[in-house]
Amino acid sequence: MDDLFRKRATAQGGYLHRHDILDLGGTDAMIRTAVASGLVRRIRVGTYVFADEHDLLTPVQKHAVLARAVVDKFAPGTVALSHHSAAVAHGLDVYDAGLRTVHVVRLDGGCGRIESGVVHHDVRPNDDEIVEVGGRLVVEPGRTVWEVACSSSRRGALVVMDSALHHGLFTAHDLACQGREFERWPRSRVARLMARLADSGAENPGETLMRFVCWEHRLPKPETQVVVVDEEGHFVARTDLGWELWHHYGEFDGITKYLRNLRGGESPSDVVVREKMREDGIRRLRNGVSRAVWDEVQPSEAARTGERLRRELEQSRRLYTRNRTYLT
């Protein structure tokens with residue numbers, strides 16, 4: 001397969017259907033040879049990707065390619081991406097989502113069913129709840145968030161809500177008002193509880209999950225994106241989480257943080273050193289700092305992490321607040 005096939009795949013969003021290959025002069029024998037050699041990979045029936053390019057994608061990006069390939073199989077206007085497939089299309093973070101399954105809502109009166117890795121939903125949205133993203137129909141962000149929240153875990157609901165607020169797709173007030181429209185949906189009560197916890201300050205799922213650990217284990221509620229200043233009011237740092245009354249701050253350490261903060265000519269180790277100096281600056285002002293990584297905010301480790309955060313908060317209260325007690 002030459003560059004002509006790659007250009008078609010890129011133009012369509014990362015995939016080729018069998019008929020695309022045949023239209024460009026390919027044959028079924030060519031497809032079999034390309035798959036056998038590892039040049040291309042089949043991601044669903046009659047749908048192929050170039051393996052070297054696909055392997056560079058994150059799981060969420062791979063789902064986006066799969067979703068585009070699925071919706072493009074249908075006649076225009078007959079389906080729209082919904083649930084976590086719509087969330088991914090809108091650029092929202094998702095968590096605890098089955099990324100091998102694509103969700104669509106039928107706009108043509110088709111029945112609900114699960115078929116070939118695609119969930120067909122038959123509860124048609126209103127016309128004003130359908131938008132176009134990249135030339136494809138997608139459920140609009142407000143409804144999408146509630147579809148995900150009502151069909152996901154509590155963590156999954158909070159992650160997508162935080163992400164939508166952080167991207168400015170709507171306000172916390174809008175989120176609460178939208179929730180009333182979904183009161184009769186299964187798991188709506190849990191979703192509405194998470195809506196009360198949602199915070200636009202969370203910049204990634206790790207920060208959301210670290211905050212969820214605090215809520216789940218009844219720790220004092222942290223503020224998000226807290227600015228730390230010295231005695232003269234000079235900027236020292238901005239932290240992911242903060243308990244200012246306790247003189248304590250929290251940081252989620254994900255690999256993306258270190259890659260995102262790279263400056264020209266730097267390596268990730270340079271960012272680590274700079275982060276250490278930043279933390280030292282916070283501690284010199286008589287504050288404590290807690291850090292957590294991805295594994296520590298997962299359900300299997302949440303209890304242990306919550307207990308550690310409790311101890312570290314209490315230590316900062318004793319050391320830096322003259323042992324004051326705060327009611328929360």
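The values are calculated or read from the model by the stated rules, or taken from the named source; none is laboratory data. Please read these numbers as outputs of a predicted model, since none were measured by experiment. As a convention, Cβ positions derive from the backbone with ideal geometry for all residues, glycine included, and neighbour counts pool all protein chains shown.
With the structure loaded, tell me whether Arg304 is assigned to a loop (DSSP other than H, G, I, E, B), among the basic types (Lys, Arg), modelled with pLDDT of 95 or more and farther than 19 Å from Lys221 by Cβ or whether it fails that test. Quick ask: steps written out before the conclusion?
Numbers: assigned to a loop (DSSP other than H, G, I, E, B): no; among the basic types (Lys, Arg): yes; modelled with pLDDT of 95 or more: yes; farther than 19 Å from Lys221 by Cβ: yes.
So Arg304 does not fit the description; no.
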Which numbered condition Asp295 fails, given (1) in contact with a helix residue (DSSP H, G or I) (Cβ under 8 Å, 6 or more places away or on another chain); (2) closer than 16 Å to Glu207 by Cβ; (3) loosely packed, with under 14 Cβ neighbours inside 10 Å: (1)
Test for Arg68: is it under 21 Å from the mean Cα position of the chain (by Cα) and among the basic types (Lys, Arg): yes
Filtered residue count, region 96-106, keeping only those that are in a loop (DSSP other than H, G, I, E, B) and crowded, with 22+ Cβ neighbours inside 10 Å: 1
Among (1) touching a strand residue (DSSP E or B) at 6+ places or on another chain (Cβ under 8 Å); (2) closer than 24 Å to Gly168 by Cα - the single one Phe235 does not satisfy: (2)
Answer residue from region 218-240, given it is without any contact (Cβ under 8 Å) to a residue 40 or more places away in the chain, within 25 Å of the chain's Cα centre (by Cα) and outside any loop (DSSP other than H, G, I, E, B) and is surrounded by the most Cβ atoms within 10 Å (Cβ to Cβ) among those: Asp240
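Filter region 155-167 down to the residues that are of a type outside the set (D, E, K, R), part of a helix (DSSP H, G or I) and in contact (Cβ under 8 Å) with a residue 60 or more places away in the chain and list them by number. Give the steps one after another, and end with the answer.
Kept after step one, since they are of a type outside the set (D, E, K, R), are these residues of region 155-167: 156-161, 163-167.
Next, only the ones that are part of a helix (DSSP H, G or I) stay: 156-161, 163-166.
Across region 155-167, the qualifying residues are Gly156, Val159, Val160, Ser163, Ala164.
Would it be correct to say that Gly109 is in a loop (DSSP other than H, G, I, E, B) and out of contact with any strand residue (DSSP E or B) (no Cβ under 8 Å at 6 or more places or on another chain)? Full working, then the answer.
Numbers: in a loop (DSSP other than H, G, I, E, B): yes; out of contact with any strand residue (DSSP E or B) (no Cβ under 8 Å at 6 or more places or on another chain): yes.
Yes; evaluated as a whole, the condition is true for this residue.
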Entirely in region 1-90, the strands (runs of 3 or more DSSP E) that have 1 or more residues that are buried (at least 20 other Cβ atoms within 10 Å of the Cβ) and aromatic (Phe, Trp, Tyr): 47-50
Single unsatisfied condition, Cys214 versus (1) over 19 Å from the mean Cα position of the chain (by Cα); (2) modelled with pLDDT under 95: (2)
Filter result (assigned to a loop (DSSP other than H, G, I, E, B) and surrounded by 14 or more Cβ atoms within 10 Å (Cβ to Cβ)) within region 112-154: Gly117, Arg124, Pro125, Glu140, Ser152, Ser153
Unique residue being within 23 Å of Glu312 (Cβ to Cβ) and at pLDDT below 95 when the list is Gly265, Gly233, Gly242, Gly254: Gly254
